[in-house]
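First up is the structure itself, then whatever we jot down about it.
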Amino acid sequence: MIEKAQLETCLPTNIKSLPNTSKAISESFEKYLTYHLGRTQGCHSFYFYEALSFTLRDRVVANWYKTWEAYRQPNVRRAYYLSLEFLMGRALGNHLLNLDATESSREAMEKFCLQLEDVESIEPDAGLGNGGLGRLAACFMDSCATLQLPVLGYGIRYEYGMFKQAIVDGRQEERPDHWLRDGNPWELERPEYTQTVKFGGHTEFYRDEHNNLHARWVETNDVLAIPFDVPISGYKNKTVNTLRLWKSSATDEFDLEEFNAGSYTDAVAAKNNAENITMVLYPNDSSENGKELRLKQQYFLASASLQDVFRQWETIHGNNYENFVAQNVFQMNDTHPTISVAEMMRILMDKKCLNWDDAWSITTKTMAYTNHTLLPEALEKWPVHLFESLLPRLLEIIYEINARFMRVVQQKWPGNTERHARMSIIEEGPYKQVRMANLAIVGSFSVNGVAALHSQLLCEGLFHDFYELWPDKFTNKTNGVTPRRWIAHANPEMTELISSHIGEDWITDLSHISEIKKLSAAKQKTFAKAFKQVKQSNKQRLADLVEQLCGVKFNTDSLFDIQVKRIHEYKRQLLNLLHVIHLYIQIKQGNTENWSNRCVLIGGKAAPGYILAKDIIKLTNNIAEVINSDPDVGDKLKLVFFPNYGVTAMEVIAPAADLSEQISTAGKEASGTGNMKFMMNGALTIGTYDGANIEIINEVGEENFFLFGLKANEVQDLQGNYDPMHYINQDQDLKAVMELLQSAHFNANEPGIFDSIIQSLYNRNDPWVTFADFRSYVDAQNEVAKTWQDQEKWGRMSVMNTACSGFFSTDRTMQDYNRDIWKLDALEIK
Ligand code: 26V
């Protein structure tokens, strides 16, 4: 382990900023390439990317250092965002934008006959997340840096990120994403801040010199946590925040017995176990039943991060925790890091020797919890026996937290055993489990959902008991997305157009984007025309990519109808496919008067063990095959499955969309954030009354949104008396669609492969009630097609969507968190 420098130096502490001119950038680029990387022309293109990244990183470092210094000051209150996932995507383009160095870098690259975009495209995505929850964390980090809020992200440096999706014979195949293989110029290893994390062993009790009882966790298997820091630059300010990612590593202590027994190689190999903890991201976003390695990851993150915060605290405040609450707050991204509640108690009691009440007071005043899902199968529970073997000391603490909490419940609702059983942190019965959401609620001062409806449903349903006990703990914080990545970076032409009309303020205060509604009539007209041209050019960019990846030609005059997100039954990609089949039938029957040509694009990853989701991908590809090769269909309809959807793909897809599909069963999608990215980029939405769609409608008006389907309460009322046949018998279109699907028209040589999909749709217990929404979905789609015929009207609606998207910036979201939960002061970095 590296110790802090012991040598006296007169090194400058005030690091100078470097110039962003194209001359300075090209000189530095050449120097890195030649002298640092030892490469020259003709080398692998990765080194061009690496040399430019080092050049940019140098320009970030001075401000990074200044930001650290500012945050280290004794009275600065800080927030820590604890998350198992940060779906960062690419970094280089983002830093270029924030440093206002895009044009000078473009020029610099041209000196070497390189295109900046080509260099940028070499960077692998940092895919350290599954979907919405991980990308939200990344957007939050961006906004906090731009708002100059002292927020540190803590996460895991997975060696393998989200798997790469290959499509073979129409089916998903998972390929490893070894994103770190060639090295990562955007991380700085900090071995001097290594922490030790314990597993296994058992507890011992002892008395101190004052006869107070304490616990000691002994005979543990220890793992080292090495931090890697990733800079998060703010937009055109000097703030550079930090995302600290932990890598697991073996301690230097060998198993001496084994070592001396001559099994030197076995003893060394055993170290692999430790290294495995941060090897791979779990590619699952709903159920993962009790996998030991996943619990290890969670505790590893919690323990390393909390110890790191205490280490920093003690360098300034020593052993005095009086002001700890005033200066620290932790935001837990879902239940994944909520073992932090117990770990905080352990550290305060076992390490800092505080008594229970003082430790509990600090814990419950610094922890805050965000819930991201209402799906019961995504609520984490851990078998007690796993805790017993892996984290025995933490289990003791959880039992004690629960015992004390149950007394509170008993006092409020004496004798109400059913309620006690529901609220207990421990699920009793033959298979005892720890309910992480209950632990999070009991241990936090704040609990929030991620959209208005979602937060309301949490209070009324899932967390109702807790809401009755502590109504003031619960709030809503509607999600957002960062306009820097999702407009300024992804859609430079639209950015240029908007800024040329209303200036650039909207980039850091998206409420200003509504000013495009206030342009004079004449300006509105030219704006709308240019807006459409931008959309066309973005559609061309996507069409080129689709042709390259799928071999299908998209006509850019067609309506681009897009659904990209994780493949999940509740998100109802199947409903989309039923509509596509319906359109195909209409074409085959010659019902094509006033037809609107459509290109339908579906993309997203299925969890490797989620068979039905994988079948949905196969079905999409099979339907696409039939439709795209039918000469009767031609340009009227195209369908593709876009492979390996991710952050970087979305940067091309969102700016090119005409229609955004947000068609989840009402009450199931907590928020959605793709919906916001599409809206900002001028797509119209077809969607249910679910998640943040509701707030999109509030902002843009129902007349600029294609709303359909049952409401959340209607869906709930339907459960139990849902009769799929009722809808089939009533609706000739649905009947025809299902008949064609069941006739093996799309699987002529693969009999039976879609049987389970078909069965799921006919299931009376189908929780997603797909048939129930078919009619109103098709009607809404017809309305879409009709509106598309009136291009001027569509254009107006499209501009309105962009103009009304101001609320959906994560800058607003972060201000909401800060006002109600974090209460940080923005800190200007000079
Ligand atoms: C759950 C699990 C379960 C155990 C295995 C690993 C794993 C990984 C992730 C999750 C989280 C699922 C919850 C989630 O992603 N929620 C999404 O959060 C978005 C941001 O708030 C929101 O927009 C989406 O509507 C919501 O589905």
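The values are calculated or read from the model by the stated rules, or taken from the named source; none is laboratory data. Quick caveat: nothing in here was measured; it's all calculated off a predicted structure. All Cβ positions, glycine included, derive from the backbone under ideal geometry; neighbour counts span all protein chains shown. Protein only, heavy atoms only, side chains kept; ligands, DNA and RNA dropped before computing areas. Shrake-Rupley method; radii C 1.70, N 1.55, O 1.52, S 1.80 Å.
How do 27-37, 78-88 rank on mean C-beta neighbours within 10 Å, highest first? Provide the component values of the computation, followed by the final result.
On the way: 27-37: 16.7, 78-88: 26.1.
My ranking of the peptides, most packed first, is 78-88, 27-37.
Over region 596-754, what is the relative contact order in whole percent, taking alpha-carbon pairs under 8 Å and six or more residues apart? Don't jump to the answer; show the numbers that get you there.
Working: 188 pairs, mean separation 29.1, N = 159.
Rounded, it is 18 percent for region 596-754.
Mind checking the angle between helix 521-550 and the chain's longest principal axis? C-alpha axes, 0 to 90 degrees, to the nearest 10.
Value to nearest ten degrees: 80.
Give the long-range amide H neighbours of Glu159: residues separated by 5 or more places, or on another chain, with amide H under 5 Å away, using H modelled in the peptide plane at 1.01 Å from N.
Met279, Val280
Give the separation of the Cα centroids, region 57-77 to region 142-195, in Å.
That distance is 23 Å.
Just to be sure I follow: if Rg is taken over the C-alpha atoms of region 307-380 and Rh is the Kirkwood radius over the same atoms, what is Rg/Rh? Walk me through the numbers before you get to the answer.
Numbers: Rg = 13.8 Å, Rh = 13.3 Å.
Ratio of gyration radius to Kirkwood radius: 1.04.
Distance between Cα centroids, region 306-368 to region 429-464: provide it in whole Å.
Value for the Cα centre distance between the two parts: 21 Å.
Taking the solvent-accessible surface of protein heavy atoms with a 1.4 Å probe, what is the per residue accessible area of the chain in Å²?
Details: 33440 Å² over 830 residues.
Accessible area per residue, the chain: 40 Å².
In region 307-354, which GluC sites (Glu not before Pro) are in a loop and have at most 14 other Cβ atoms within 10 Å, using DSSP for the loop call?
Numbers: sites: Glu314, Glu322, Glu343; in loops: Glu322.
When the GluC sites (Glu not before Pro) of region 307-354 are filtered for loop state and at most 14 Cβ neighbours within 10 Å, Glu322 remain.
Which of the peptides 397-408, 92-103 is most tightly packed, and how do the rest follow, going by the mean number of other Cβ atoms within 10 Å of each residue?
Details: 397-408: 16.8, 92-103: 20.0.
Sorting 397-408, 92-103 by mean packing, highest first, produces 92-103, 397-408.
Is any residue of region 638-659 close enough, with backbone N under 17 Å, to a label point placed 7 angstrom from the Cα of Ser499 along the Cα-Cβ axis, and if so, which?
Inside the label zone: nothing.
So, with +1 on the Cβ of K and R and -1 on the Cβ of D and E, and no other charges, what is the size of the charge dipole of region 309-375 about its Cα centre, to the nearest 20 debye? Mind showing how you got there, number by number?
Numbers: 5 positive and 7 negative charges, 20 e Å.
Charge dipole of region 309-375: 100 debye, to the nearest 20.
Quick one: Karplus J couplings for region 682-697, per residue in order, coefficients 6.51, -1.76, 1.60, θ = phi - 60°, nearest Hz, x for Gly and Pro?
For region 682-697, the Karplus curve yields x, 7, 8, 10, 9, x, 8, 7, 9, x, 6, 3, 4, 6, 5, 4 Hz.
Relative contact order, percent, of the chain when contacts are C-alpha pairs under 8 Å separated by at least 6 residues?
Numbers: 1462 pairs, mean separation 110.1, N = 830.
Relative CO of the chain lands at 13 percent.
Just grab the label-to-label distance for Cys10 and Lys735, each label 7 Å out from Cα along the Cβ direction, in nm (one decimal).
9.4 nm
In region 150-230, which GluC sites (Glu not before Pro) are in a loop and have at most 12 other Cβ atoms within 10 Å, using DSSP for the loop call?
Passing sites in region 150-230 are Glu209, Glu219.
Compute the Rg to Rh ratio over the chain from the alpha carbon atoms, using the Kirkwood formula for Rh, and round to two decimal places. Intermediate values should be presented prior to the final figure.
On the way: Rg = 27.6 Å, Rh = 28.5 Å.
Radius of gyration relative to Kirkwood radius: 0.97.
Which shape class applies to region 747-823: rounded if a/c is under 1.5, otherwise prolate when a/b exceeds b/c and oblate if not, where a ≥ b ≥ c are the square roots of the Cα gyration tensor eigenvalues?
Details: a/c = 3.06, a/b = 1.47, b/c = 2.08.
Note, shape of region 747-823 comes out oblate.
Sticking with the crude label model, points 7 Å out along Cα→Cβ, report the distance from Glu69 to Asn749 in nm, one decimal please.
That separation, rounded to one decimal, is 6.9 nm.
Placing +1 at every Lys and Arg Cβ and -1 at every Asp and Glu Cβ, with all other atoms neutral, what dipole size does region 23-135 have around its Cα centre, in debye to the nearest 20?
Working: 13 positive and 15 negative charges, 119 e Å.
Using only the charged Cβ atoms, the result is roughly 580 debye.
Compute the relative contact order of region 712-830 as a whole-number percentage, counting only Cα pairs closer than 8 Å that sit 6 or more residues apart in sequence.
Numbers: 42 pairs, mean separation 28.7, N = 119.
The value is 24 percent.
Test of understanding: express the Cα radius of gyration of region 603-646 as a ratio to 2.2 N^0.38 Å, with N the residue count.
On the way: Rg = 12.2 Å, N = 44, 2.2 N^0.38 = 9.3 Å.
Working it through for region 603-646, the quotient is 1.32.
As a check on your grasp of the helix formula, calculate [θ] at 222 nm for the chain: sum -39500 (n - 2.57) over DSSP H runs of n ≥ 4, divide by the residue count, round to the nearest 500. List each step's numbers first, then the result.
Working: 33 runs with 368 residues, N = 830.
Computed ellipticity for the chain at 222 nm equals -13500 deg cm²/dmol.
What is the packing order of peptides 11-24, 352-365, taking the mean over residues of other C-beta atoms within 10 Å and listing the highest first?
In decreasing order of mean packing, 11-24, 352-365 become 352-365, 11-24.
Please state the shape class of region 555-644: rounded when a/c is under 1.5, otherwise prolate if a/b exceeds b/c and oblate if not, all from the C-alpha gyration tensor.
Numbers: a/c = 2.21, a/b = 1.97, b/c = 1.12.
Note, shape of region 555-644 comes out prolate.
Over the Cα atoms of region 35-177, compute the convex hull volume and normalise it per residue, giving Å³.
156 Å³
So which trypsin sites (Lys or Arg not before Pro) in region 177-229 end up in coil per DSSP with only 15 or fewer other C-beta atoms within 10 Å?
Working: sites: Arg181, Lys198, Arg207, Arg216; in loops: Arg181.
Of the trypsin sites (Lys or Arg not before Pro), the ones in loops of region 177-229 whose Cβ has at most 15 other Cβ atoms within 10 Å are Arg181.
Round to the nearest 10 and give me the degree value, 0 to 90, for the angle of helix 102-111's Cα axis relative to the longest principal axis of the chain.
80 degrees
If you place +1 on the Cβ of every Lys and Arg and -1 on the Cβ of every Asp and Glu, how big does the dipole about the Cα centre of the chain come out, in debye to the nearest 20?
Working: 84 positive and 108 negative charges, 301 e Å.
Here the chain has a charge dipole of around 1440 debye.
Give the angle, between 0 and 90 degrees and rounded to the nearest 10, that separates the Cα long axis of helix 392-412 from the longest principal axis of the Cα atoms of the chain.
That helix lies at roughly 70 degrees to the long axis.
Place +1 on the Cβ of every Lys and Arg and -1 on the Cβ of every Asp and Glu in the chain, take the dipole about the Cα centre, and give the residue among Leu707, Gly667, Ile498 whose Cα lies farthest towards its positive end.
Of the listed residues, the answer is Ile498.
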